[in-house]
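Structure, as structure tokens:
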Amino acid sequence: MILLERQPVKSRILRSVGYDATTKILEIEFQTGLVYQYSGVPPKVCKDLMSSDAIGKYFSEKIRNRFHTKPVVR
């Protein structure tokens, strides 16, 4: 499993976000402390997520339940 470096974000539901364009893996840490990886995420989706004024809403509408997800255990 690839461990990604994440950047903090301002959101009520998300704490930090990391992305690897080579593998197209998006890693999200939630405010609860849980971390998940989403595979097959196009670079544009990650770019749009990070530039969104409502990052949590964008995540819920465009990423959650649309990409294969697995929990990250550290």
Item checked: Answer residue from region 13-41, given it is in a strand (DSSP E or B) and aliphatic (A, V, I, L, M) and is farthest from Leu3 (Cα to Cα) among those -> Leu14
Notebook entry, point to check: Under 8 Å by Cβ, and 6 or more places apart or on different chains, what pairs join a residue from region 1-30 that is within 20 Å of Pro42 (Cβ to Cβ) with one that is in a loop (DSSP other than H, G, I, E, B) and among the polar types (S, T, N, Q)?
Noted result: Ile2/Thr23; Leu14/Gln31
Next item on the list: May I ask you to list the residues in region 42-74 that are assigned to a loop (DSSP other than H, G, I, E, B), closer than 14 Å to Leu14 by Cβ and under 11 Å from the mean Cα position of the chain (by Cα)?
Entry: Ile63, Arg64
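Bear in mind that the values in this text are calculations on the coordinates, not laboratory data. Treat the numbers as computed from the prediction; the structure is a model and nothing was measured. Reconstructed Cβ throughout: ideal geometry from the backbone, glycine too, with neighbour counts over all protein chains shown.
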